[in-house]
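What follows draws every value from the coordinates through simple rules; no lab data is involved. What you see is a predicted model, and the numbers here were worked out from it, not measured in a lab. Quick reminder, even Gly has a Cβ in these numbers, built from the backbone with ideal geometry, and neighbours come from all protein chains shown.
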Amino acid sequence: MQVKISAAGTRAFDCLCLNRYNAHPLRFLFFPRKTRLLDKRLILMDPAKLLIFSFTKSEYVTACVDHLQAELGCQELDPKGDLAEQFKGVEMVIDIGGHSSREMIDAAVDAKFWQVIGTGLDHCEVQYILEKGISLGNTPGFTSALGLAESAMMYILMLTRRYNEARENFFERNFFEPNGKTLADLTLGIIGFGASGRQLAKRAKSFGMRIEAIDIRPLDADLPADMQPDFYGMSDQLDEAIARCDVLSLHLHLTPETTHIIDASRLALMKPTAFLINVARGALVDEDALAEALLGGKIGGAGIDVFRQEPADCTRPEYQLANFIVTPHTSGQTDETVRCRCQIVIDNVRRLDAGDEPLHLIDASMGLGKS
């Protein structure tokens, strides 16, 4: 790490920021305050050399990079350049989305910690990173739970109020159509009752929906009343819950066990008026089976934000249906998500610098990562 002392005695340090789409690396010099109060201790900020990488550009990525630059200072690296030279001395890699290649991991010979900004690790070379002796962490589900829950609630409202049809009718001057459904007394099935599932339950209960939740873990005894489901079951009760639901919302990690957890047989269990919501991972759903169900009128509709292949093929016929709400993987991308995730990164920079174990570590036994 290049460390300089200014005339005022303040340390300045270089940080590496990596983005595939920038042809030239940029250097930024950041002068942190000499001291900060952390856990009631006065410490001198001297973080490890950092590198930030994202495989794409978006408002969300820019917001994350800007936030971290303001706190840590960043330098953008060209991944098409000499990776070995650019990774030299880098102790912590900040990987927005978890898409770094094995070539990049191989070049990070000095890395101690690989920080993924994101919750899902199905795009990440988890085992390869760990085999290199590099610790790996993510930003857990609570960091995006509000955005995911709000988006799922949005899909529920748009589908029950037939938003696409209503909007088209407005422009065709066809007023007073269509007729929608109110949510009171409808049953919402939440598959995966972690942070985002619980936040969705809280919101849906305020509309009077009946909540059924399925998870592999027992329900927490201290769960707040405004998140309590009316029914809570384990994975062996999934099929029965699907058959009872008016809306089914997915909030699961993608693993070999959850891939295509919603397939043709489970779509066939749904009521013909029921809606499917997916704000988690695209491959949880067999997309061809979903297309057949929607085009054949076998279910009431779908609200989908995530796809097996992204960008998705927007010409697929099911995406043109009025009862199919599609968005381009934006449900979890909010200002609150950026703040929460970046704060974890900043905390882990400080912990690494202090010799403490980083937060939210991933280990091989979790079975996460590319298969």
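Karplus-based coupling profile of the range 319-332, in residue order and whole Hz: 5, 8, 6, 5, 9, 10, 8, 10, 9, x, 6, 10, 4, x, with θ = phi - 60° in 6.51 cos²θ - 1.76 cosθ + 1.60 and x standing for Gly or Pro. Within the chain, the longest run free of trypsin sites (Lys or Arg not before Pro) that sit in a DSSP loop with at most 10 other Cβ atoms within 10 Å is 174-371. Taking label points 7 Å from Cα along the Cα-to-Cβ direction, Gln309 and Asp110 give a separation of 4.0 nm. Mean sequence separation of contacting Cα pairs (under 8 Å, at least six apart), scaled by the length of the chain, corresponds to a relative contact order of 16 percent.
Considering helices alone, the calculated mean residue ellipticity of the chain at 222 nm is -8500 deg cm²/dmol, with DSSP H runs of length four and up weighted by -39500 (n - 2.57) and normalised per residue. Note that the range 296-309 has calculated 3J(HN,Hα) couplings of x, x, 7, 10, x, x, 8, x, 10, 10, 10, 9, 4, 10 Hz, one per residue in order, obtained from phi through the Karplus relation 6.51 cos²θ - 1.76 cosθ + 1.60 (θ = phi - 60°); glycine and proline are x.
For Leu136, the amide hydrogen comes within under 5 Å of the amide hydrogens of Trp114, Ile362, counting only partners 5 or more places away or on other chains and with H modelled in the peptide plane.
The chain gives an Rg/Rh value of 1.03, both radii derived from C-alpha positions and Rh following Kirkwood. Computed over the range 145-326, relative contact order equals 21 percent, with contacts defined as Cα pairs under 8 Å that lie 6+ residues apart. Could you calculate the FRET efficiency of Phe171 with Ala268 from 1/(1 + (r/R0)^6), where r is the beta carbon distance between them and R0 is 35 Å, rounded to 0.05? Efficiency, from the Cβ-Cβ distance: 0.45. Proximity of backbone amide H atoms, modeled 1.01 Å from N, is registered between Gly233 and Ala213, Ile214, Asp215 at under 5 Å, excluding neighbours fewer than 5 places apart on the same chain.
The equivalent ellipsoid that matches the C-alpha gyration tensor of the range 145-326 spans semi-axes of 26, 20, 14 angstrom, in descending order.
Principal axis extents of the Cα atoms in the range 77-208, from largest to smallest and rounded to whole angstrom, are 65, 35, 17.
To check you understand DSSP bridge types, tell me what percent of the beta bridges within the chain (both residues inside) are antiparallel, rounded to 5.
20 percent
Annotation: amide H of Ile96 within the under-5 Å range of Phe53, Ser54, Ile117, sequence separation 5 or more or interchain, hydrogens built in the peptide plane. The HN-Hα couplings worked out from phi for the range 171-179 by the Karplus form 6.51 cos²θ - 1.76 cosθ + 1.60 (θ = phi - 60°) are 6, 8, 6, 9, 7, 6, 9, x, 9 Hz, whole numbers, x standing for Gly and Pro. For the range 145-326, the dipole from Cβ point charges (+1 on Lys and Arg, -1 on Asp and Glu) about the Cα centre works out to 480 debye, to the nearest 20. Shape index of the range 200-266: Rg/Rh, with Rg the Cα radius of gyration and Rh the Kirkwood radius from the inverse mean 1/r over Cα pairs, equals 0.96.
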